[in-house]
Amino acid sequence: MSAEYIKLPGLIDPHVHLREPGATHKEDFETGTMAAIAGGFTTVLDMPNNPEPTISPESLQRKITLAGNRVYCDIGFHFGATAKGVEYFEQVKGEVFGLKVYMNHTTGTLLMEDKEELNRVFAGWPREKPIIVHAEGETLVTAIALARLNNRRLHVAHVATKEDVEMVREAKEKGLPVTCEVTPHHLFLTEADVQALGPFGIMKPSLKTETDRLALWGNLKLGVIDMIATDHAPHTKEEKLSEKPPFGVPGLETSLPLLLTAVAEDKLTLDQVVDLTSTNPRKIFGIGELTETFTEVDLKESYIIDAKNLKTKCAWTPFEGKRVTGRILRVVLRGEIVFDGGNVIGNPRGNVVYPG
Ligand SMILES: [Zn+2]
């Protein structure tokens, strides 16, 4: 088989749930960042909806301390919005990349539905930093209206439907400072896959129709979608097989192989992959450049995704058994090899990072 080696800038995932503190039986900073480098990522941004949510300067500090010298790639954090938390915004703004506002039901206790409170949150967040929303359908209409009213930067997490991506496109066409991300599972799976996947295909937003999926691809190629975010949300197999399976799937180790497969199939260009996984998230979230940091891949190698090779603690993937073209060979972080030949190399060399 022929090989074609190329170097990509170290990838950035702006949306992961590494589960620490509070749910380290699912994932922790060590296993989560091992999964990240195995997936070609050199920077990840962690979400605030832990059992002990990241909604105060103290809880943020605790997370930063916990991550300390235990991370294999760089990690930064987002802050969670609550009505009470507005008073902390000024204090934490230099330490977080964005404010996450949960406007639809999902994992955790951070749901905000009261319009008055939402307006105070939007008005209180510093203008120069993105407000990341989980908002679908009608709530996305509200989110865009609040961003416009308060002249704030809005980043729409995991856009999943044709209607929602078109709403983002319209907002952009009107010149509003709105950006968005899409997950690999919404690009590569549909509701038809839930039959076979069962609880392992359940997440928020849920998998949608083929029409939705094609609309995401169309807007990805047009540049309406700014970045890929895995929304890496591991749960144990036992939890997924329980009476009430929790929402979420892991994604750090399968995202780049799936995107490279799309390149092999002429659905994306390599330049687009670089924009979606590095250039745009760096620009939108203000993530500093890293020197001598790259991910080396073989664009030609074809193989089958097998959960037993994964580093994530949950040890399963909704893409089990899928053939992909494009293997991650090596990851170099600040001049040091951190991943090579399927193995994590050396001690944790990642840093906790802050907006530049
Ligand atoms: Zn998420």
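The values are calculated or read from the model by the stated rules, or taken from the named source; none is laboratory data. Computed from a predicted structure; not experimentally measured. In this analysis, Cβ positions are derived from the backbone assuming ideal geometry, glycine residues included, and neighbour counts consider all displayed protein chains. For the accessible areas, the whole protein counts, side chains as well, though only heavy atoms, and no ligand, DNA or RNA atoms are used. Shrake-Rupley method; radii C 1.70, N 1.55, O 1.52, S 1.80 Å.
Mind listing just one residue for me: the one in the range 1-52 that is small (Gly, Ala, Ser) and at positive phi and, of those, farthest from the chain's Cα centre (by Cα)? Checked the range 1-52; the qualifying residue farthest from the chain's Cα centre (by Cα) is Gly22. For first residues located in the range 283-309 and polar (S, T, N, Q), partners that are open to solvent by less than 30 Å² (accessible area, probe 1.4 Å) and not in a strand (DSSP E or B) and lie 6+ apart or on another chain with Cβ distances below 6 Å form the pairs Thr293/Gly10; Thr295/Gly10; Thr295/Gly40.
One line per residue, one yes/no per condition, for (1) of a type in the set (Asp, Glu); (2) at pLDDT 95 or above:
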{"residue": "Lys115", "(1), (2)": "no, no"}
{"residue": "Pro126", "(1), (2)": "no, yes"}
{"residue": "Glu136", "(1), (2)": "yes, yes"}
{"residue": "Ala147", "(1), (2)": "no, yes"}
{"residue": "Asn151", "(1), (2)": "no, yes"}
{"residue": "Leu154", "(1), (2)": "no, yes"}
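Considering the range 42-60, and only residues there that are touching a strand residue (DSSP E or B) at 6+ places or on another chain (Cβ under 7 Å) and part of a loop (DSSP other than H, G, I, E, B), the residue that is farthest from the ligand (Cβ to nearest atom) turns out to be Ile55.
If only residues of the range 124-151 that are within 16 Å of the ligand (Cβ to nearest atom) and assigned to a loop (DSSP other than H, G, I, E, B) are counted, the one that is farthest from Lys204 (Cα to Cα) is Pro130.
Among the numbered conditions (1) more than 30 Å from Glu138 (Cβ to Cβ); (2) more than 16 Å from the ligand (Cβ to nearest atom); (3) not basic (Lys, Arg), tell me where Glu20 comes up short. If we test Glu20 against (1) more than 30 Å from Glu138 (Cβ to Cβ); (2) more than 16 Å from the ligand (Cβ to nearest atom); (3) not basic (Lys, Arg), just (2) comes out false. Yes or no: Phe29 over 14 Å from His78 (Cβ atoms), of a type outside the set (Lys, Arg) and within 16 Å of the ligand (Cβ to nearest atom)? Against the criterion (over 14 Å from His78 (Cβ atoms), of a type outside the set (Lys, Arg) and within 16 Å of the ligand (Cβ to nearest atom)), Phe29 does not qualify. The residues of the range 63-108 that are in a loop (DSSP other than H, G, I, E, B) and away from the ligand (no atom under 15 Å from the Cβ), listed by number, are Val71, Tyr72, Cys73, Thr82, Ala83, Lys93, Gly94, Glu95, Val96. The single condition from (1) free of Cβ contacts under 8 Å to residues at least 40 places away in the same chain; (2) farther than 13 Å from Pro21 by Cβ; (3) β-branched (Val, Ile, Thr); (4) open to solvent by 10 Å² or more (accessible area, probe 1.4 Å) that Thr65 fails is (2). Any residue in the range 209-225 that is within 16 Å of the ligand (Cβ to nearest atom), closer than 24 Å to Arg169 by Cα and not acidic (Asp, Glu)? No, because not a single residue in the range 209-225 is within 16 Å of the ligand (Cβ to nearest atom), closer than 24 Å to Arg169 by Cα and not acidic (Asp, Glu).
Residue under question is Glu173, and the condition is that it be under 18 Å from Glu136 (Cβ atoms), out of contact with any Gly (no Cβ under 8 Å at 6 or more places or on another chain) and without any contact (Cβ under 8 Å) to a residue 24 or more places away in the chain; does it hold? Considered against the rule, which asks whether it is under 18 Å from Glu136 (Cβ atoms), out of contact with any Gly (no Cβ under 8 Å at 6 or more places or on another chain) and without any contact (Cβ under 8 Å) to a residue 24 or more places away in the chain, Glu173 comes out as no. The residue of the range 1-39 that is surrounded by the most Cβ atoms within 10 Å (Cβ to Cβ), among those that are polar (S, T, N, Q) and part of a loop (DSSP other than H, G, I, E, B), is Thr24. The listed residues are Thr236, Thr230, and the only one of them that is closer than 14 Å to Asp13 by Cβ, hydroxyl-bearing (Ser, Thr, Tyr) and either in contact with an Asp or Glu (Cβ under 6 Å, 6 or more places away or on another chain) or surrounded by fewer than 18 Cβ atoms within 10 Å (Cβ to Cβ) (or both) turns out to be Thr230.
Each row is one residue, and each column tells you yes or no for (1) touching a helix residue (DSSP H, G or I) at 6+ places or on another chain (Cβ under 7 Å); (2) in a helix (DSSP H, G or I); (3) open to solvent by 40 Å² or more (accessible area, probe 1.4 Å); (4) not small (Gly, Ala, Ser).
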| position | (1), (2), (3), (4) |
| --- | --- |
| Glu253 | yes, no, no, yes |
| Val273 | yes, yes, no, yes |
| Asn280 | no, yes, no, yes |
| Glu292 | no, no, yes, yes |
| Ser302 | no, no, no, no |
| Lys308 | no, yes, yes, yes |
| Gly321 | no, no, yes, no |
| Gly326 | yes, no, no, no |
